[in-house]
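Student: Here it is: the structure, laid out below.
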Amino acid sequence: MRNHGQLPGLDSLKDQAKRLRRSLAQEGQMISHSRALELVAVQFGYRDWNTLYAAVGNRPPFNPYMLGSRVSGFYLGQPFTGSVLGVQALGGEPERYRLTLHFDDPVDVVTFDSFSAFRQRVHCNVDTTGRTAQRTSNGRPQVELVW
């Protein structure tokens, strides 16, 4: 029975095969890398690695961010609305994306009444939940996209 949920990317599947091979080697069971790939394919319900590779390789990559899409959320705690000017998939676990955002109205990133610093275009690295790993001093993500 095939796992019809979202399959991991090819890099993740290959990493899984490497971990499987390493784990079995620690238990004294030596297998080739190609055998480990075959075992990973069977775990996902495919008859062999080539069939799994074709299933994963022929699908479009999942990307929750589209060029020109409208976004809203918080930048350094300040609300914004804007659009996505650039998207670059960075990969990794969890999947991360480098976004270039253009705010409709400049955002004041300084909280002092006597001083202001406005930003209208920013770059950030977000995961599929729309949050950055980088945090402000109060622990909040620097960018939080709201769906």
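The values are calculated or read from the model by the stated rules, or taken from the named source; none is laboratory data. Nothing here was measured: the structure is a model prediction, and the numbers come from that model. We place every Cβ from the backbone using ideal geometry, glycine too, and count neighbours over all the protein chains shown. Areas reflect the complete protein model, heavy atoms only, side chains present, ligands, DNA and RNA absent. Shrake-Rupley method; radii C 1.70, N 1.55, O 1.52, S 1.80 Å.
Student: Taking the C-alpha atoms of the chain, how large are the radius of gyration and the largest Cα-Cα span, Dmax, in Å?
Tutor: Rg and Dmax of the chain, Cα atoms, are 21.1, 68 Å.
Student: So how much accessible area does residue 145 have, in Å² to the nearest 10, using a 1.4 Å probe?
Tutor: Solvent-accessible area, nearest 10 Å²: 10 Å².
Student: Please give the contour-minus-distance gain from residue 118 to residue 12: 0.36 nm per residue of separation, less the Cα-Cα distance, rounded to one decimal in nm.
Tutor: So the chain would gain 34.2 nm between residue 118 and residue 12.
Student: Next question, about the same structure. Could you derive backbone 3J(HN,Hα) for the stretch 42-47 from the dihedral phi with the Karplus parameters 6.51, -1.76 and 1.60 (θ = phi - 60°), listing whole Hz in sequence and x where the residue is Gly or Pro?
Tutor: Running phi through 6.51 cos²θ - 1.76 cosθ + 1.60 with θ = phi - 60° gives 5, 4, 8, x, 9, 6 Hz.
Student: Provide the net charge surrounding residue 17, with neighbours chosen by a C-beta distance below 14 Å and charges set as Lys +1, Arg +1, Asp -1, Glu -1.
Tutor: Cβ neighbours under 14 Å give a net charge of +2.
Student: Can you pull out the trypsin sites (Lys or Arg not before Pro) in the stretch 20-104 that DSSP calls coil and that have at most 11 other Cβ atoms within 10 Å?
Tutor: Hits after loop and neighbour filter: 47.
Student: Okay, next question. Karplus couplings for the stretch 95-101 from phi (6.51 cos²θ - 1.76 cosθ + 1.60, θ = phi - 60°), rounded to Hz, Gly and Pro as x?
Tutor: Running phi through 6.51 cos²θ - 1.76 cosθ + 1.60 with θ = phi - 60° gives 4, 10, 9, 9, 10, 10, 10 Hz.
Student: Could you look at the stretch 21-81 and say what percent of its accessible area is carbon and sulfur, using a 1.4 Å probe and all protein chains? Could the numbers behind the result be given before it?
Tutor: Working: 2130 of 3970 Å².
That share works out to 54 percent.
Student: Excluding ligands, DNA and RNA, what is the solvent-accessible area per residue of the chain at a probe of 1.4 Å, expressed in Å²?
Tutor: 64 Å²
Student: Around residue 96, which amide H atoms from residues at least 5 apart in sequence, or from another chain, sit under 5 Å from its own amide H, with H modelled in the peptide plane?
Tutor: Amide H neighbours of residue 96, under 5 Å, 5+ apart: 90, 91.
Student: Further question: I want the local charge near residue 74. Using Cβ-Cβ distances under 9 Å, sum +1 for each Lys or Arg and -1 for each Asp or Glu among the other residues. List each step's numbers first, then the result.
Tutor: Details: positive: 140; negative: 144.
Once positives and negatives cancel, what remains is 0.
Student: Oh, and also: Under a no-solvent Debye model with one identical scatterer per Cα of the stretch 78-147, what's log10 I(q)/I(0) at q = 0.20, 0.22, 0.23, 0.28 Å⁻¹?
Tutor: -0.88, -1.03, -1.11, -1.38
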